[in-house]
Amino acid sequence: MQCGPCHGGGVPLRGLALRRLVKGLGRDWKAVKDHHLEKEFEFKDFKSALAFTNRVGEVAEEQGHHPDIHLAWGRARVVLWTHAVEGLTQNDFILASKIEGLSRPGSS
């Protein structure tokens, strides 16, 4: 799936639909206050965390949907939400799924 254009005035995901999508992501993704998705990824060193951050940036550019990424030694925390609706949309889950794929062994 690809992220689609997002315009203001939409309605953020809530309730059961939101909980199902979060559960579908698995692997420690959290919907914080039903407003944003967040996950911290752990790595063996700074260089690995930086490489992951750069791969996330490439995918974000391809999708036209950009997360906040907090980089530290051996960690990268990704935070996603759709600013135009001040909450979560399908685009956030599409990008989260793509990011999750980057964190798996053998992904590039």
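So what are the ³J(HN,Hα) numbers for the stretch 14-25, from phi and the Karplus equation (6.51, -1.76, 1.60; θ = phi - 60°), rounded to whole Hz, Gly and Pro as x?
8, x, 4, 4, 5, 4, 5, 5, 5, 4, x, 5
Please state, to two decimals, what the Cα-based radius of gyration of the stretch 34-102 comes to when divided by 2.2 N^0.38 Å (N = residues). If you can, show how the numbers build up before the last one.
On the way: Rg = 11.7 Å, N = 69, 2.2 N^0.38 = 11.0 Å.
Working it through for the stretch 34-102, the quotient is 1.07.
Helix 90-102 sits at what angle to the longest principal axis of the chain, using alpha carbons and giving 0 to 90 degrees rounded to 10?
20
What residue among His83, Val11, Val22 has its Cα farthest toward the positive end of the dipole of the chain, where the charges are +1 on Lys, Arg and -1 on Asp, Glu, each on the Cβ?
Val22
Which residue, Phe43, Phe52, Phe93, has the most motion in a Gaussian network model of the chain that connects Cα atoms within less than 10 Å?
Phe43
For Cα pairs less than 8 Å apart in space and 6+ apart in sequence, what is the mean separation divided by the residue count of the chain, i.e. the relative contact order in percent?
Working: 161 pairs, mean separation 37.6, N = 108.
Once divided by the residue count of the chain, the mean separation gives 35 percent.
What's the magnitude of the charge dipole for the chain around its Cα centre, counting Lys and Arg as +1 and Asp and Glu as -1 at the beta-carbon? Answer in Debye, nearest 20.
Result for the chain is approximately 400 debye, rounded to the nearest 20.
Would you tally the net charge around Leu16, using a Cβ to Cβ cut-off of less than 15 Å, leaving Leu16 out, and scoring K and R as +1, D and E as -1? Don't skip to the answer; put the middle values down first.
On the way: positive: Arg14, Arg19, Arg20, Lys23; negative: Asp34.
Residues close to Leu16 contribute a combined charge of +3.
When the chain is treated as a GNM, springs tying every alpha-carbon pair under 10 Å, which of His35, His66, His83 comes out with the largest mean-square fluctuation?
For the chain, modelled as a Gaussian network with Cα springs under 10 Å, the answer is His83.
Read-outs: derived from the displayed coordinates by stated rules, not from any lab. Given the structure is predicted, the values throughout are model-derived calculations rather than measurements. Here the Cβ is made from the backbone with ideal geometry for all residues, glycine too, and neighbour counts use every protein chain on show.
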